[in-house]
Amino acid sequence: MFEYTFQWRQAFRALPQMLDGALVTMQIAVLSMVIGVTIAVLLAVARNAHSPWLRWPATAWVEVARNTPALFQIYMAHFGLGSFGIYLSPYVALLAGITFNNAGYLCETFRGALRAIPATQVRAGRSLGMGQVMAFRLIVLPQMFRIAFLPTTNQMVWAILMTSLGVTVGMSTDLTGVTQDLNARTFRTFELFALAGALYYCIAKAVMFAARLAAWRLFRY
Amino acid sequence: MIEIENVHKSFGALEVLKGINLTVDKGEVVSVIGGSGSGKSTLLTCINGLEPINSGRILVDGIEVHAKTTDLNKLRRKIGIVFQQFNAFPHLTVLENVTLAPRKVKGLSRQEAEEIAVKHLTHVGLAEKLNVYPGRLSGGQQQRMAIARALAMSPDYMLFDEVTSALDPQLVGEVLDTLKMLADEGMTMICVTHEMSFARDVSNRVAFFHKGVMAEIGPPEQIFGNAQHEETRKFLSSVR
Ligand SMILES: Nc1ncnc2c1ncn2[C@@H]1O[C@H](COP(=O)(O)OP(=O)(O)OP(=O)(O)O)[C@@H](O)[C@H]1O
Ligand SMILES: [Mg+2]
């Protein structure tokens with residue numbers, strides 16, 4: 001009934017390839033966060049805007065991103081847009097899908113953080129001759145990032161794990177994609193995926209650790 | 001010179017300023033006293049254009065604050081304002097708080113801005129605290145930092161809105177001393193205050209606000225010794 005013999009050596013021989021895959025995973029996660037954070041800031045501002053032309057699309061984005069499966073969002077970027085003749089490669093589709101998801105979640109995180117910053121802070125900046133954008137950039141944003149820092153790191157970990165969904169749109173160079181390929185060739189399913197799992201775990205932990213360190217360095221106040 | 005001409009200001013249906021006229025000359029110190037909700041803070045935020053007005057006009061050095069063509073960001077460089085809440089920027093050190101606007105708004109180099117900042121921070125007695133974050137300062141120190149921050153823009157006018165009312169009693173003195181020092185140096189100031197002794201000793205004129213109207217204005221001797229208006233006497237006896 002239990003005839004599977006473990007062959008760890010074979011799995012470990014695949015480690016260099018998997019580490020390459022992990023790099024691609026990290027690259028997608030980081031890019032999706034950098035772009036996602038930028039869009040999320042804009043969405044957060046748009047959702048607080050007076051004009052419904054800004055508010056409505058931003059709200060729609062957030063609603064869809066937070067209330068549909070991430071897998072669908074990535075599918076849509078690849079196959080959905082494909083139906084309209086817009087072809088995104090698996091890499092770009094995966095990046096787009098995760099970025100879409102990140103932006104939606106982070107928007108709400110940032111909005112909450114913005115609410116915690118008293119309006120008098122902006123007033124003080126404006127009184128010193130700063131324009132609206134400058135006051136936002138120099139006074140509001142840094143405080144917002146501090147308040148939102150931990151939830152943002154959580155989203156980063158979530159983004160790393162979401163990259164594994166890329167395999168469903170034909171992504172083959174990230175950690176899951178590489179592992180899947182190796183598995184198809186060697187059938188060492190348990191060992192390969194256990195090793196990949198361990199790598200995901202280590203990356204996630206490393207990111208959290210780096211974030212703590214960065215927070216300690218950055219937020220001295 | 002600040003010229004306030006027949007200014008009316010409403011928040012929705014509530015008329016907060018009902019035709020204010022006031023001229024403040026260069027070098028003059030005007031204290032504004034009056035009951036809660038009488039429109040004192042609103043007047044200050046109208047002067048630097050943070051609040052729009054409904055009618056009348058306010059001129060600062062001949063520039064109409066609420067004219068569409070006025071560059072408010074530029075105008076505000078010459079009008080410093082300090083609020084009751086200290087509004088320190090918590091993510092910046094004391095020195096950075098004070099250099100931020102001179103660098104980013106006026107375009108001074110870091111070195112120039114720091115020289116000016118150190119000068120003003122020393123002036124208000126915070127030379128030892130340059131690299132401290134505001135969270136570590138007492139209320140009085142934060143308020144003095146806010147004053148230095150406004151002064152670092154080299155304003156021609158300073159507006160103070162009850163800058164001591166959020167302070168513990170034992171810290172009020174140090175901030176009032178700073179204001180006195182500025183007045184002695186010839187700064188043109190409008191001070192909204194609940195500190196009657198400050199109003200009496202430091203100002204050239206005292207204005208009494210009552211329900212959106214400037215009920216009475218005159219030299220301190222008149223307001224505190226021989227008030228013409230019934231409401232002024234009532235108010236003063238209530239705060240004594
Ligand atoms: N942003 C605002 N929106 C609506 N109403 C406001 C606003 N700011 C002030 N008011 C109202 O305007 C009136 C005058 O307020 P203001 O703050 O100018 O009074 P004040 O004389 O400074 O009083 P205090 O001594 O309590 O500071 C008050 O009734 C206040 O509730
Ligand atoms: Mg007030």
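Normalised radius of gyration (Cα atoms, divided by 2.2 N^0.38 Å) for the protein assembly as shown: 1.33.
Against chain A, whose longest principal axis is taken from its Cα atoms, helix A:15-47 shows a tilt of about 20°. Qualifying trypsin sites (Lys or Arg not before Pro) in the range B:1-98, where qualification requires a DSSP coil assignment and no more than 10 other C-beta atoms within 10 Å, comprise B:Lys68. In this simple spin-label approximation, A:Met208 and A:Leu42 carry label points 7 Å from Cα along the Cα→Cβ vector, and these lie 3.3 nm apart.
Accessible surface for B:Asp201 stands near 110 Å², nearest 10, in the context of the full protein assembly shown (1.4 Å probe).
Neighbouring Cβ atoms from other chains, within 10 Å of the Cβ of residues in A:118-127, number 6 on average.
Between the listed residues A:Thr152, B:Asn21, B:Phe160, the Cα displaced farthest toward the positive end of the dipole of the protein assembly as shown, a dipole computed from Cβ unit charges relative to the Cα centre, is found at A:Thr152. If I model a spin label at B:Ala67 and B:Thr122 as a point 7 Å from the Cα along the Cα→Cβ vector, what separation in nanometres do I get? Taking the simple label geometry, B:Ala67 and B:Thr122 are separated by 4.0 nm. Compared with the dominant principal axis of the Cα atoms in chain A, helix A:175-186 is inclined by about 10°.
For the range A:10-218, the fraction of 1.4 Å probe accessible surface lying on carbon and sulfur atoms is 71 percent. Sites listed here are GluC sites (Glu not before Pro) in the range B:117-190 whose DSSP assignment is loop and whose Cβ has at most 12 other Cβ atoms within 10 Å: B:Glu185. Considering only A:Ser127, A:Leu138, A:Ser51, the residue lying farthest towards the positive end of the dipole of the range A:10-218 is A:Ser127, judged by Cα position with unit charges set on Cβ.
Given a Förster distance of 45 Å, report the FRET efficiency between A:Trp53 and A:Glu3 from their Cβ-Cβ distance, rounded to the nearest 0.05. It would help to have the intermediate numbers written out before the result.
On the way: r = 64 Å, r/R0 = 1.43.
With a Förster radius of 45 Å, E is 0.10.
For the range B:62-119, run through the GluC sites (Glu not before Pro) and keep only the ones in DSSP coil with at most 15 other Cβ atoms within 10 Å of their Cβ.
Values: sites: B:Glu64, B:Glu96, B:Glu112, B:Glu114, B:Glu115; in loops: none.
Hits after loop and neighbour filter: nothing returned.
Basic side chains Lys and Arg get +1 at the Cβ, acidic Asp and Glu get -1 at the Cβ, and with that the dipole of chain A about its Cα centre reaches some 980 debye. Heavy-atom accessible area, probed at 1.4 angstrom with all protein chains present, ranks A:Trp53, A:Trp158 as A:Trp53, A:Trp158, highest first. Here the extension length gained between A:Thr189 and A:Arg13 equals 61.9 nm, from 0.36 nm per residue of separation less the Cα-Cα distance. If you take all other residues with their beta carbon under 13 Å from the beta carbon of A:Gln155, and give Lys and Arg +1 and Asp and Glu -1, the sum is 0.
With 19 Å as the limit, write out which pairs from B:Lys9/B:Lys211; B:Lys180/B:Lys211; B:Lys18/B:Lys180 have Cα-Cα distances beyond it, or answer none. Walk me through the numbers before you get to the answer.
Working: B:Lys9/B:Lys211 12 Å; B:Lys180/B:Lys211 28 Å; B:Lys18/B:Lys180 31 Å.
As for pairs spanning more than 19 Å Cα to Cα, those are B:Lys180/B:Lys211; B:Lys18/B:Lys180.
The values are calculated or read from the model by the stated rules, or taken from the named source; none is laboratory data. Computed from a predicted structure; not experimentally measured. With ideal geometry, Cβ positions are generated from the backbone for all residues, glycine too; neighbour counts draw on all protein chains shown. Ligands, DNA and RNA are stripped out before the accessible areas are found, and what is left, the full protein with its side chains, is counted by its heavy atoms. Shrake-Rupley method; radii C 1.70, N 1.55, O 1.52, S 1.80 Å.
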